[in-house]
Amino acid sequence: MNTGKMILISFVMIFLFCADAAAFRCGNGLVTSGDTKMQVLVTCGKPTSKEKVCTDSQTSIRTDINGRKIKSKRCVNKVEVWHYNCGENDFIYALTFDDGRLMKETTMGRGAGKSECLGK
């Protein structure tokens, strides 16, 4: 009976720790999916850098007057990615915002220099 309880407790602990892994910590603050850009700015401060990225593009082909086929691409969904350099002992984190809301947090390699993830 004790073995069954230990296994159950282990699974519960793993799931609890996995939930925190999907969050980004800035100093004492924590941001998670669904937070607004303003909430992230207030909690973490200004990002190291920002960029706009096309996540879904459509290619269309049309024919011009001379019968030549012309391909064109257009961006269907553009998101904003904020990068935070958390220093040489941590990672660079990329926070992806779609329509002003935090959609996901990913790492982009090792950080360098002083941490910029200390929060406000």
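Here is how the numbers come out for the structure above:
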{"quantity": "Long-range HN-HN contacts of LYS104 with modeled amide H, under 5 Å", "calculated": "THR96"}
{"quantity": "Sites matching trypsin sites (Lys or Arg not before Pro) across segment 42-101 that sit in DSSP coil, with at most 13 neighbouring C-beta atoms within 10 Å", "calculated": "ARG68"}
{"quantity": "Simple spin-label estimate for THR3 and GLN58 in nanometres, 7 Å along Cα-Cβ", "calculated": "5.9 nm"}
{"quantity": "Listed pairs LYS73/LYS104; LYS52/LYS104; LYS46/LYS104; LYS50/LYS71; LYS50/LYS73; LYS37/LYS73 exceeding 21 Å between Cα atoms", "calculated": "LYS73/LYS104; LYS50/LYS71; LYS50/LYS73; LYS37/LYS73"}
{"quantity": "Extension gain, SER72 back to THR107 (0.36 nm per residue minus Cα-Cα distance, nm)", "calculated": "9.4 nm"}
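Readers should treat all values here as calculations from the given coordinates under stated rules, not as data from a laboratory. Remember, it's a predicted structure, so these values are computed and weren't measured experimentally. With ideal geometry, Cβ positions are generated from the backbone for all residues, glycine too; neighbour counts draw on all protein chains shown.
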